[in-house]
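Nothing in this text is a laboratory measurement; each read-out follows from the coordinates by a stated rule. Keep in mind it's a predicted model, so treat the numbers as computed, not measured. Methodologically, a virtual Cβ is constructed for each residue, glycine included, from the backbone with ideal geometry; neighbour enumeration extends over all protein chains shown.
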Amino acid sequence: MLLTITNTRSPATDLGWLLHKHPDKVQSFHLAFGQAHVFYPEATDERCTAALLLEVDPVGLARQRRNMGNELLAQYVNDRPYVASSFLSVAIAQVFGSALAGSCKDKPELAETPLPLVAKLSAVPCRRGGEAFLRELLEPLGYTVTAQRHPLDERFPEWGESPYFTVELSATVRLADLLSHLYVLIPVLDDEKHYWVGNDEVEKLLRHGDGWLAEHPEKEQIAARYLKRQGKLVKSALAHLATEDTDPNEVAAEHDLEEERLEARVSLHERRLSAVLSVLQASGSKRVLDLGCGEGKLLRLLASDPRFTEVIGVDVSARSLEIARTRLDRQRLPDNLKDRVKLLHGALTYRDARIENFDAAAVVEVIEHLDPPRLSAFERVLFGCTRPALIVLTTPNREYNVRFEGLPAGKFRHADHRFEWTRAEFASWCAGVCSTFGYKVEITPLGDVDAEVGAPSQMAVFTRV
Ligand code: SAH
């Protein structure tokens, strides 16, 4: 069984720091059920791949397990050595434990930084649900998934397909998130956990599912399979997840949640933020603004990237700024990155000299909250006075609303939206501000594009001419 993880953000060998495994070394680890080896097939500044090779010892296992009544493992010939299963999760936890926990002693800011990562699993058994289930588990988390199914036996095509897939996942994510997703979801796909499941498994599921499982559209299936369908344990896990959903400290406004739930299937907001972040990173901007920063999701990403030397978040809501401050403080950045993020209380419809002469501004899901008569004031202030060289602005695509189950026709996604634009309306507004204020624009869809109604959200990248 082989798992590889590739980083392509230079210096790509940062992956070695994150995994606590030096790219120049081959290291082997003894596990209860076999051996794990870690090595790097490639390690350059542009591309670095770490490989975790797992050798499960089927004979040793069969001896151990025959008396324990485990049918599959009691046989010498089984698929366990070759496929991604709960053995791989155990290996990830033992060999990459601190990376899984999100800590990086020497470079803590790296652990907080989303990186362009690709994970490849040589063989994933999708016993029940096949490729469709594989996608339902991974795509809502923001991964681009490629899956190649293998025939049972290449020499005998008439035997049909096997349940095994070679799977590749790519996304811009924190390494800890990628490892947590793999840790939980591999045994869920395989549906054949090798060990007895008790109360501590509930705790493990909640710990490694922190921050993503409560909102996952397939959380019931995940909990059921992870806990081997033990009714009591599954119930207890789901009850915990449900209280996480409504933790009063985490939830600022019920409406935000409604919008998030509606959009959850495509994990739209995360994809949106990572698209905006990529544009800002690629532009070489150093001093950046997050206008209408809300509770600071984008600010946290900007804060952990040392390329941004000064970051200012502006919002009209004092309550949101308070939450943003708490979350930024909780991020515990190293000294050299601390104190680069400032928060300002202010309205985007009034000129503010404190935010002039910046390189770039992000305006994520904000304009649809402005009253249409105030829009021209916003345009004047942003494009005319603040006038950064680069503006990245996103807004929903109203045409896509018909694809959201549970959203009555004609309603907006969020009770506080004052308008939502079609693709044509957005393009025409963008063209208007460009010609008035001297910018050029490029508009791209955000999220999966539907042939008829387009993508759920849209992003405009304005550059000053
Ligand atoms: N950009 C954040 C929040 C989007 S919600 C994110 O993507 O997560 C919209 C935010 O815009 C809210 O926090 C709201 O308080 C803020 N906002 C709305 N009108 C504003 C105005 N006139 N001036 C400043 N902020 C405003």
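Which of the trypsin sites (Lys or Arg not before Pro) found in segment 137-179 are in a DSSP loop and have at most 10 neighbouring Cβ atoms, other than their own, within 10 Å? Can you show the working numbers first?
Values: sites: ARG149, ARG155, ARG174; in loops: ARG155, ARG174.
Answer in residue order: ARG155.
Given DSSP loops and a limit of at most 14 other Cβ atoms within 10 Å, what is the longest stretch of the chain that contains no such GluC sites (Glu not before Pro)?
Of all site-free stretches, the longest is 47-153.
My understanding is that a pair violates if its Cα-Cα distance is over 20 Å; which of LYS204/LYS235; LYS204/LYS232; LYS21/LYS105; LYS25/LYS204 do that in this structure?
LYS25/LYS204
Find, to one decimal place in angstroms, the Kirkwood hydrodynamic radius of segment 377-460, where the mean of 1/r is taken over every pair of different Cα atoms and then inverted.
Over segment 377-460, the inverse of the mean reciprocal pair distance is 13.9 Å.
If you average the alpha carbon positions of segment 390-465 and of segment 119-133, how far apart do those two centres end up, in angstrom?
35
Once the Cβ-Cβ distance between SER98 and THR444 is put in as r, and R0 is 51 Å, what FRET efficiency do you end up with, to the nearest 0.05?
About 0.90, to the nearest 0.05.
Rounded to whole Å, give me the distance from the Cα center of segment 266-286 to that of segment 33-56.
Each part's Cα centre sits 29 Å from the other's.
Using the Karplus curve 6.51 cos²θ - 1.76 cosθ + 1.60 with θ = phi - 60°, work out ³J(HN,Hα) for each residue of segment 212-217 in order, rounded to whole Hz, and write x for Gly and Pro.
For segment 212-217, the Karplus curve yields 9, 6, 4, 9, 6, x Hz.
Taking every Cα atom in the chain, find the radius of gyration and the maximum pairwise distance Dmax, and write them in Å.
Over the chain's Cα set, Rg and Dmax evaluate to 24.0, 79 Å.
Can you compute the helix-only [θ] at 222 nm over the chain? Use -39500 (n - 2.57) per DSSP H run of at least 4 residues, normalise by all residues, nearest 500 deg cm²/dmol.
On the way: 17 runs with 160 residues, N = 465.
Result for the chain, helices only: -10000 deg cm²/dmol.
Apply the a/c threshold of 1.5 to the C-alpha gyration tensor of segment 79-159 and tell me whether it is rounded, prolate or oblate.
prolate
Treat every Asp and Glu Cβ in segment 2-195 as -1 and every Lys and Arg Cβ as +1, leave all other atoms uncharged, and give the resulting dipole magnitude about the Cα centre to the nearest 20 debye.
Here segment 2-195 has a charge dipole of around 500 debye.
Could you tally up the Lys pairs in segment 250-464 with alpha carbons closer than 18 Å? Skip any pair fewer than 8 positions apart unless they're on separate chains.
4
Report the full-extension gain for the segment VAL316 to GLU356: residue separation times 0.36 nm, less the Cα-Cα distance, to one decimal in nm.
Numbers: separation 40, 0.36 × 40 = 14.40 nm, distance 1.76 nm.
Residue separation times 0.36 nm, minus the Cα-Cα distance, leaves 12.6 nm.
Which of the listed residues, TRP212, VAL441, SER103, is farthest toward the dipole's positive end in the chain, when Lys, Arg count +1 and Asp, Glu count -1 at the beta-carbon?
It is SER103, whose Cα lies furthest towards the positive end.
Defining a contact as two alpha carbons under 8 Å apart and six or more residues distant in sequence, what relative contact order in percent does the chain show?
10
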